[in-house]
Amino acid sequence: MKIALFGGSFDPVHREHVALVRAAKQSLALDRVIVIPAYISPFKSAGAVAAGKDRIQTCKLAFRGVSGAEVSSREIDGAGTSYTYLTCRHFRNLYPHDELFFLAGADALKDFEKWKNPEEILSCVTLASCGRAGETAEEAATKIYERFGKRVSVIDFQGESVSSSRIRVELAFGKKPSALDETVYEYIREKGLYSYPQIMPALALEKQERQEHSFRVALLAAEYAPRFGISCEKAILASALHDCGKYVPLDSPLLKGFVLPEGVPPPVVHQYTGAYLAERVFGISDGEILDAIRYHTSGKENMSALGKLVFLADMLEEGRDFEGIGFLRAALERDLDECLLLCLERQIGYLKNGRVKDIYALTEQAYAWIKNKMNGRA
C-alpha cells in the first residue's frame, strides 16, 4: 500500500493544501493520505494561532471530499514541538511493509538540511514535492539528492502562492478569504477563530482609505512576524489599531482624561491618542502592543521587536511608493535592525530636506540607539 504523510500547521487549512493532496494522489497512485496538523512547528516559534482541536476539525472538513484522506491527531496529542523525524519514525513502525511518502512544497524542502535529523526522515519515507511560491520541485529535489543521495518524487503540480498569514489577517479584518473552503470558513466564523473584538470598532474610527492602509500594515507585519520570533496575534492587533486615533479630535469624549506630552509635532499626535484609545476604549492591556502603537510614527530607543516591526510595516506596506522603498524592503528581508536603521535614516533625511527645524526628539534618539546597536554588531 502507498501511504503519504502530509504535515503542517494548517493554520488555517486552505484550498492549496487540498489541491496538493489531490495532485499527489494521482501522481503517486496513493492509497491513503494522512494529514497531520502540528502542535508547534519547529520553524514557527510563536506557535499556532488556532487551537489544535479546531485545526483538526477544519482539516476534516477541508479533506472530507478526498477519497483515502484522513486526519491524524498524533502531533496535537503529543504536544510540544512537532518534529518530522519522530512522526516519520512512528508511522514507519506502524506500517513497516508499506511504501511511505512525506508531502511538502518545494519552498519548505529548500531548507531540508536544517530539519532535525534529516537522515532519519529519509530512512523512513520518500520525500514527495511539488513546485510552490516560485520554487520548482526539481531544484529542491536536486539539492537533496546532491546532499543526501536520496531521490525526491516530483509531483506534477505547481501550487499557487497562498499565505496562511494573509488569510488570518483577512479574517481579522472581517474579509472573506477566497482561499478557504466554504465549510471551513463557516466553521471559523461560528467558532470566532482568528477574530479580535477590538479590531472592527477601532477601524470604524478611520476613513475607508485608512482602513485599507491598516489592513496592508497588518499583512506585512503578519508575514514577517514568524521569522523574527514575534507573536502573529500581537502583530495583527497592533497593526490593526495603530492608526485608530488618526481622525479622533483631542476634544472628543473618547479622549476624556488624555494628556498629550509636551513638544509633540502634529503628525505624531495620533500615535499617542491611538495608544490611549487602544487601552481605555478597546481594552488592550498588553504593554508591548500599546508601546508598538504609541511609537509607530516616531520610533524610540529600546524598541521591542514588535515595535520595530509595526514601525517598519507602517512605512513599507505595499501601498507606499517613494524613491528607495525597494531598497528598504530588501533590507527587511535580511534583518530587522538593519532595516530600522535605514528607515530612520531615510525618515530623518526626508524631514531635514523638508526644512523641518526641530526633528522630534524620540526619532533622533531612536536613530542614535539603533545606530550604536548596529555598530556594536559590526
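Determine ³J(HN,Hα), in whole Hz, for all residues of the range 290-303 in sequence, where each value follows from phi through the Karplus function 6.51 cos²θ - 1.76 cosθ + 1.60 and θ = phi - 60°; x replaces Gly and Pro.
For the range 290-303, the Karplus curve yields 4, 5, 4, 6, 5, 10, 6, 9, 8, x, 6, 6, 6, 5 Hz.
Which whole-Hz couplings ³J(HN,Hα) result when phi for each residue of the range 305-320 is put into the Karplus expression 6.51 cos²θ - 1.76 cosθ + 1.60, θ = phi - 60°, listed in order with x for Gly and Pro?
Residue by residue, the range 305-320 yields 4, 5, x, 4, 5, 5, 4, 6, 5, 4, 7, 10, 4, 4, x, 6 Hz.
Helix 84-94 against the longest principal axis of the chain: what's the angle in degrees, Cα atoms only, rounded to the nearest 10?
30 degrees
Principal axes first, then extents: for the Cα atoms of the range 229-354, list largest minus smallest coordinate on each axis, whole Å, largest first.
43, 36, 27
Counting only heavy atoms of the protein chains, get the accessible area per residue of the range 266-348 (1.4 Å probe) and round it to a whole Å² value.
39 Å²
Amide H neighbours of Ala225 under 5 Å, counting only residues 5+ apart in sequence or on other chains, H built in-plane at 1.01 Å?
none
Would you mind giving the three semi-axes, in whole Å and largest first, of the ellipsoid equivalent to the range 81-198 according to its Cα gyration tensor?
After scaling each eigenvalue by five and taking roots: 33, 18, 13 Å.
Run the reach check for Lys300 against lysines, Cα to Cα strictly under 18 Å, same-chain hits fewer than 8 apart removed. What comes back?
The qualifying lysines are Lys308, Lys371, Lys373.
Using protein chains only and a probe of 1.4 angstrom, how many square angstrom of Cys124 are accessible, to the nearest 10?
10 Å²
Quick one: angle between helix 182-191 and the longest Cα principal axis of the chain, in degrees between 0 and 90, rounded to 10, please.
It is inclined by approximately 50 degrees.
Once the dipole of the chain is set up with Lys and Arg at +1 and Asp and Glu at -1 on Cβ about the Cα centre, which of Cys124, Ala23, Ala292 lies farthest towards its positive end?
The one lying farthest along the dipole's positive direction is Cys124.
Looking only at the chain, where both bridge partners belong to it, what percent of the DSSP beta bridges are antiparallel (to the nearest 5)? Please list the in-between numbers first.
Working: 1 of 25 bridges.
If I count the DSSP bridges inside the chain, around 5 percent turn out antiparallel.
Leaving ligands and nucleic acids out of the surface, order His90, His17 by accessible area at 1.4 Å, largest first.
His90, His17
Would you work out what percent of the accessible area of the chain, with all protein chains in place, is carbon or sulfur (probe 1.4 Å)?
With neighbouring chains kept in place, the figure for the chain is 47 percent.
Semi-axes of the equivalent ellipsoid for the range 316-365, please: Cα gyration tensor eigenvalues, times 5, square-rooted, ordered largest first, whole Å.
Rounded to whole Å, the semi-axes are 21, 14, 8.
Radius of gyration and Dmax for the chain's Cα atoms, expressed in Å?
23.4, 77
Compute the relative contact order of the range 187-286 as a whole-number percentage, counting only Cα pairs closer than 8 Å that sit 6 or more residues apart in sequence.
Reported as a whole number, the value is 28 percent.
Over the chain, what is the relative contact order in whole percent, taking alpha-carbon pairs under 8 Å and six or more residues apart? Spell out each step's value before the answer.
Values: 594 pairs, mean separation 45.8, N = 378.
About 12 percent, as a whole number.
Can you list the residues, at least 5 places off or on another chain, whose amide H is less than 5 Å from the amide H of Leu5, using H built in the peptide plane?
Ile34, Phe101, Phe102, Leu103
Can you give the Rg/Rh ratio of the range 32-131, where Rg is from the C-alpha atoms and Rh is the Kirkwood radius?
That ratio is 0.94, to two decimals.
How much space per residue, in cubic angstrom, does the convex hull of the C-alpha atoms of the range 173-262 take up?
Spread over its residues, the Cα hull of the range 173-262 gives 141 Å³ apiece.
Which lysines have a Cα less than 26 Å from the Cα of Lys150, not counting those fewer than 8 places away in the same chain?
Lys2, Lys25, Lys110, Lys114, Lys116
Looking only at Cβ-Cβ distances, which cysteines of the chain have no other cysteine closer than 4.7 Å?
Cys59, Cys130, Cys232, Cys244, Cys339, Cys343
Which whole-number value in Å² is the accessible area per residue of the range 36-167, probe 1.4 Å?
50 Å²
Helix 336-353 versus the longest principal axis of the chain: what angle, 0 to 90°, nearest 10, using Cα atoms?
Approximately 30 degrees, to the nearest 10.
Inverting the mean 1/r over all pairs of different Cα atoms, compute the Kirkwood radius of the range 262-317 and quote it in Å.
Mean inverse Cα-Cα distance, inverted, gives 11.4 Å.
The values are calculated or read from the model by the stated rules, or taken from the named source; none is laboratory data. Keep in mind that this is a model prediction, so the values were computed, not measured. Glycine also receives a Cβ, built like all others from the backbone with ideal geometry; neighbour counts cover every protein chain displayed. Just the protein is used for accessible areas: all its heavy atoms, side chains included, with ligands, DNA and RNA removed. Shrake-Rupley method; radii C 1.70, N 1.55, O 1.52, S 1.80 Å.
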